[in-house]
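In what follows, a structure is listed as structure tokens, so that the remarks can point back to it.
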Amino acid sequence: MVFDIKNKIALITGGAAGIGLAYTRELLRNGAKAVTIADVDASKGEKSAKDLNAEFGGNKVIFVQTDVTKADQLEAAFKTAINTWKGLDIVINNAGIMNDANWELQIAINCNHVVRGSLLAIQYMGKNHGGKGGVVVNIASILGLQELAGCPVYVGTKHFVVGLDRSFGTPFFHNLTGIQFLTMCPGVTDTPLISEAGRFALQGMGNIAKELVEGLGSLPEQAPEDVAKGMITLITKGENGSVWVAEGGEPIYEVKIP
Ligand code: NAD
């Protein structure tokens, strides 16, 4: 299945920084018509939207301040996107944190928001709701497919996303909704999320954070821009129900979900 990004309208959560910002830029570089960034951080979000509009010459990006743990705010971002751009084709549920010390918030962001964002995508884009269908990309992690001593709850949240998409990615859901569900599993990427993990360790949050940083230290690091390129490859070449593991700019392997 090939999905042409040209002139498509996207919404991305957590798009103000890190992988989400790189992904937004890559969508525009590949001809997307417009992107709505839904992020809790107003100063980063407004700056990123302004910079991207300057870079891509026009009014292509809006920022909607959104705390994805609040159902009404997430739905409001979908409505603003659809009203502003008159459509929606791609939803990327990307916002996430890595902080086992605040595991309830971590579950609310990494799991609950991904469920809600997927259900809203079905509600607003699904053929079963009168829509045209489209693509949903849920951002998991390589840690959705393997263990890492030191952050069991983070690892659990990412396994949850992979598990969720195993069902959303089945032919049953695809036929019903016309939406292609894909999971992205980036490897360790150089973003504030990773430096935050280091900050917790420095603040003396105990062995958990120390083990986490030591565990991450043994894994390769990649630039968010390269991860985003891999994700575009994923959208354009991915098959329904696949989980992709990206490293160094390309999905390095595809896990087919039966
Ligand atoms: P990041 O910290 O650089 O960016 C995360 C963005 O999410 C920020 O702009 C932040 O403001 C936003 N955000 C946080 N809480 C929010 C909330 N409640 N509502 C709305 N927005 C919120 O992180 P990143 O590394 O770019 O991570 C993006 C995604 O990629 C996450 O789901 C993360 O788990 C996943 N991931 C990251 C790595 C990595 O090594 N960095 C590896 C695999 C997967």
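The values are calculated or read from the model by the stated rules, or taken from the named source; none is laboratory data. Computed from a prediction, not measured in an experiment: that's the story for all the values here. All Cβ positions, glycine included, derive from the backbone under ideal geometry; neighbour counts span all protein chains shown.
Quick notes
- Set MET125, MET98: member being touching a residue at least 12 places away in the same chain (Cβ under 8 Å), within 9 Å of the ligand (Cβ to nearest atom) and more than 12 Å from the chain's Cα centre (by Cα): MET98
Results for (1) under 22 Å from LYS132 (Cα atoms); (2) within 13 Å of the ligand (Cβ to nearest atom); (3) touching a Lys or Arg at 6+ places or on another chain (Cβ under 6 Å); (4) in contact (Cβ under 8 Å) with a residue 40 or more places away in the chain, shown as yes or no for each residue.
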{"position": "ILE12", "(1), (2), (3), (4)": "yes, yes, no, yes"}
{"position": "GLY20", "(1), (2), (3), (4)": "no, yes, no, yes"}
{"position": "THR36", "(1), (2), (3), (4)": "yes, yes, no, yes"}
{"position": "LYS70", "(1), (2), (3), (4)": "no, yes, no, no"}
{"position": "ILE90", "(1), (2), (3), (4)": "yes, no, yes, yes"}
{"position": "TRP103", "(1), (2), (3), (4)": "no, no, no, yes"}
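- Positions within the stretch 132-152 being away from the ligand (no atom under 12 Å from the Cβ), among the aliphatic types (A, V, I, L, M) and modelled with pLDDT of 90 or more, in sequence order: VAL135, VAL136
- Residue within the stretch 78-88 that is near the ligand (Cβ under 9 Å from one of its atoms), at pLDDT 95 or above and either at negative phi or of a type in the set (S, T, N, Q) (or both) present: no
- Test for THR24: is it within 15 Å of the ligand (Cβ to nearest atom) and closer than 20 Å to PRO186 by Cα: yes
- Qualifying residue in the stretch 165-173 (condition: crowded, with 18+ Cβ neighbours inside 10 Å and within 14 Å of the ligand (Cβ to nearest atom)): yes
- Residue check for LEU74: within 30 Å of LEU148 (Cβ to Cβ), part of a helix (DSSP H, G or I), under 19 Å from the mean Cα position of the chain (by Cα) and free of Cβ contacts under 8 Å to residues at least 40 places away in the same chain: no
- Checked against the criteria, SER48 counts as within 14 Å of the ligand (Cβ to nearest atom), under 22 Å from THR189 (Cα atoms) and either part of a helix (DSSP H, G or I) or free of Cβ contacts under 8 Å to residues at least 40 places away in the same chain (or both).
- Search result, residues across the stretch 105-122 that are near the ligand (Cβ under 10 Å from one of its atoms) and over 18 Å from ILE12 (Cβ atoms): LEU105, GLN106, ALA108
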